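Data first, discussion second: the structure below is written as structure tokens.
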Amino acid sequence: MHYRQAAAHSASQHGALSSRASVAAVCCKFSGRPAAPVTSLAAPRTAASAAAAAAAAVPAGTSRGYFQVQNERPGHYWARQLNLDGRNVTIGLVAANVGAYGLQMISPEFTRFCMRVGSAVADGEYWRLLTAAFLHGNILHCGINMLALYNIGPAVEATMGGNRFLALYLGSAIGGNLLGCLLGSGFSTSMGSSGALYGIFAGYLVSRWVNRKAVPISKAEVVSIGTTVAINFALMTAFSGAFDQWAHLGGFLTGAALTALITPRHGRRW
């Protein structure tokens, strides 16, 4: 009984395909175009099949970037359609920094309460290790740092995922300010997100190095990240008047260590 039902179902499907092929052949006869294969009429396209087809279309031996490989994964389809992949946390951090600068303009007390003062941290005001990373000395200082964050942040966020990226940013900010307090003058003051930014730069390099076997690092990527770090360093040095080198070093080292611990390995589900 089941065999007869299966045979009847198969025959009905074959008849449907034949009728589609006949209709396609008649239409193409009048239009002058060659008839399309029957399989293209019967096989529905999904996000997964589209990604597989796109990957298969790449010639053998072609080098593809890390983010291109990730974007072909069907799990990221709707995020790509909404343009949310790798930007939510970055945009939130930019907004938080800009908002904090606005509060600085309104209330000088806010700046004094949140900026990093070595002696105050030594007295137990540990929140300054984090809050100082959201303050800036002037609008140019804030603008340069936010431009750097928006430039490199989405790439690192897409690689690590939003939660890990946020942990990297905050951890690098704290680590940078902590080293600045330990090795700097006890009465020195400091503010700015550059320590966190150097942690993000380090995070990008380490995450790419960890996944270098799955997706080789191209020379263009090395040049790009090196140029970004160099330009940001030059701008901060030229326009801020003074910079906290210990906070930069601490942020970079903290970012590298955190990324080595928490970055996803290529092929795992994020």
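Since every read-out is calculated from the coordinates, none of them should be taken as a lab result. In this text the structure is predicted, and so the values were computed from the model without any measurement. Here Cβ is always computed from backbone atoms with ideal geometry, including for glycine, and neighbour counts include all displayed protein chains.
Tabulated data
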{"item": "Cα→Cβ-extended label distance, 7 Å offset, between residue 88 and residue 245, nm", "result": "4.1 nm"}
{"item": "Extension reserve of the residue 265-residue 95 stretch, reckoned as 0.36 nm per residue once the Cα distance is removed", "result": "58.2 nm"}
{"item": "Estimated FRET transfer efficiency when R0 is 22 angstrom, pair residue 234-residue 182 (beta carbons, to 0.05)", "result": "0.25"}
{"item": "Linear extension gain, residue 113 paired with residue 125, 0.36 nm per residue minus alpha-carbon span", "result": "3.4 nm"}
{"item": "Approximate spin-label separation residue 220-residue 163, in nm, with each point projected 7 Å along Cα-to-Cβ", "result": "3.4 nm"}
{"item": "DSSP-assigned coil residues among chymotrypsin sites (Phe, Trp or Tyr not before Pro) in the range 171-218, each with at most 14 further Cβ atoms within 10 Å", "result": "187"}
{"item": "Magnitude of the charge dipole, the range 86-262, Cβ model with Lys/Arg +1 and Asp/Glu -1, debye to 20", "result": "500 debye"}
